[in-house]
Amino acid sequence: MCQDKKVNTEKTYPNLVSNHLICEFIAANAEDISITLVNSLGEIAYKNVISSHLGYEKHLIDVSSLSQGVYYLQISTGEVKVSFKVEVNR
């Protein structure tokens, strides 16, 4: 669990993923949250900005069309960025 004043990231699972990555977090403020998946070359494979409400959020990311390999999931608000390593495997 990664915790700070803006985003409390409860769960990002599964770490070894083939179809869908699930990201659950608790937003401390109602603000835009950027969810980005970056490959090992630094290229953006997925990006979505959601207007979060205060409290629990669950976001599903379809990775079925991505190439196999290591990716980094980044969740960021205006001030805070947290990152998690995930592996897409077929």
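Among the residues of segment 45-74, how many are more than 23 Å from Glu87 (Cβ to Cβ) and either at pLDDT 95 or above or not in a loop (DSSP other than H, G, I, E, B) (or both)?
The qualifying residues number 6.
Which residue, of Gly78, Gly42, is loosely packed, with under 15 Cβ neighbours inside 10 Å and modelled with pLDDT under 90? I'd like the intermediate steps shown before the answer.
On the way: Gly42 fails: modelled with pLDDT under 90.
Result: Gly78 is the single residue among Gly78, Gly42 that is loosely packed, with under 15 Cβ neighbours inside 10 Å and modelled with pLDDT under 90.
Is there any pair with a first residue in segment 30-46 that is more than 19 Å from Leu60 (Cα to Cα) and a second that is assigned to a strand (DSSP E or B) whose Cβ atoms are under 7 Å apart and which are 6 or more apart or on different chains, and what are they?
Listed pairs, sorted by first residue: Ser40/Gly69; Ser40/Val70.
Considering only residues that are surrounded by 14 or more Cβ atoms within 10 Å (Cβ to Cβ) and not acidic (Asp, Glu), look in segment 30-39 and name the one that is modelled with the lowest pLDDT. Break it down into steps so the answer makes sense when it comes.
Step one: list which residues in segment 30-39 are surrounded by 14 or more Cβ atoms within 10 Å (Cβ to Cβ), which gives 31, 33-39.
Remaining after also requiring not acidic (Asp, Glu): 33-39.
On the way: Ile33: 89, Ser34: 92, Ile35: 93, Thr36: 95, Leu37: 95, Val38: 97, Asn39: 97.
Among residues in segment 30-39 that are surrounded by 14 or more Cβ atoms within 10 Å (Cβ to Cβ) and not acidic (Asp, Glu), the one modelled with the lowest pLDDT is Ile33.
When you scan segment 70-78, do you find a residue that is under 10 Å from the mean Cα position of the chain (by Cα) and among the aliphatic types (A, V, I, L, M), even just one?
Yes: one or more hits.
The values are calculated or read from the model by the stated rules, or taken from the named source; none is laboratory data. On a predicted model such as this, the values are computed, not experimentally measured, just so you know. Please note: Cβ atoms are built from the backbone with ideal geometry, for glycine as well, and neighbour counts cover all protein chains shown.
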